[in-house]
Amino acid sequence: MQREPQTEVVYHSSQWTLTVHFGNVQPKSYVWADEPFYIGSSAEESLELEAVIYADNLPNPQKVKLTIEFEIENRLALTINELGVAQK
């Protein structure tokens, strides 16, 4: 049986939508995504995001501002083997 993906990324011509489904979460509990997702930049910058939280116990979706600060560090290029990517 195949599960629905927990994380979904959709590109809309000039912006991206990242959706992470956490299932049922009890108040004051912590939940982590089952799979990692990565956000990156090739330039030092500050990225402001708006997260929208939907929950059965909220009368309306809650909007939260998130800020990501990118600090760039130049490194040598990595090979596929160094990245640990499985090859067919």
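Name the residues of segment 6-43 whose amide N is less than 12 Å from a point 7 angstrom out from the Cα of ILE68 along the C-beta direction?
Counting backbone N atoms under 12 Å from the label point, the list is 16-19, 37-43.
So what is the orientation-averaged projected area of the chain, using the convex hull of its C-alpha atoms, in nm²? Present the calculation step by step, with values, prior to reporting the outcome.
Details: hull surface 39.0 nm².
Quarter of the Cα hull surface area: 9.7 nm².
Using a probe of 1.4 angstrom, how much of the accessible area of the chain is carbon and sulfur, in percent?
52
For the pair LEU83 and VAL10, how long in nm is the line joining their label points, each one 7 Å along Cα→Cβ?
Spacing of the two 7 Å Cα→Cβ label points: 2.6 nm.
Which Cα, out of ASN24, ILE68, TYR38, lies furthest along the positive dipole direction of the chain (beta carbon charges, K/R +1, D/E -1)?
ASN24
Summing -39500 (n - 2.57) over the DSSP H runs of n ≥ 4 in the chain and dividing by its residue number, what mean residue ellipticity at 222 nm do you reach, to the nearest 500 deg cm²/dmol?
Taking each H run of at least 4 residues, the total per residue is -500 deg cm²/dmol.
Any idea of the accessible area per residue across the chain, 1.4 Å probe, to the nearest Å²?
Here the per-residue accessible area is 101 Å².
Assigning unit charges at the beta carbon (Lys, Arg +1; Asp, Glu -1) and nothing else, what dipole magnitude in debye, to the nearest 20, does the chain show about its Cα centre?
On the way: 6 positive and 13 negative charges, 62 e Å.
The calculated dipole for the chain is roughly 300 debye.
Between VAL25 and GLU44, what is the spin-label point distance in nm, taking each point 7 Å from the Cα along the Cα→C-beta axis?
In this crude spin-label approximation the distance works out to 3.2 nm.
Using each residue's phi in segment 6-11, evaluate 6.51 cos²θ - 1.76 cosθ + 1.60 at θ = phi - 60° and report the 3J(HN,Hα) Karplus result to the nearest Hz, with x for Gly and Pro.
Once rounded to whole Hz, the list reads 7, 10, 10, 10, 10, 9.
The values are calculated or read from the model by the stated rules, or taken from the named source; none is laboratory data. As the structure is a prediction and not an experimental result, all values here were calculated from the model. FYI the Cβ positions are ideal-geometry reconstructions off the backbone, even for glycines, and counts take in every protein chain you see. Only protein heavy atoms, including side chains, enter the accessible area calculation; ligands, DNA and RNA are left aside. Shrake-Rupley method; radii C 1.70, N 1.55, O 1.52, S 1.80 Å.
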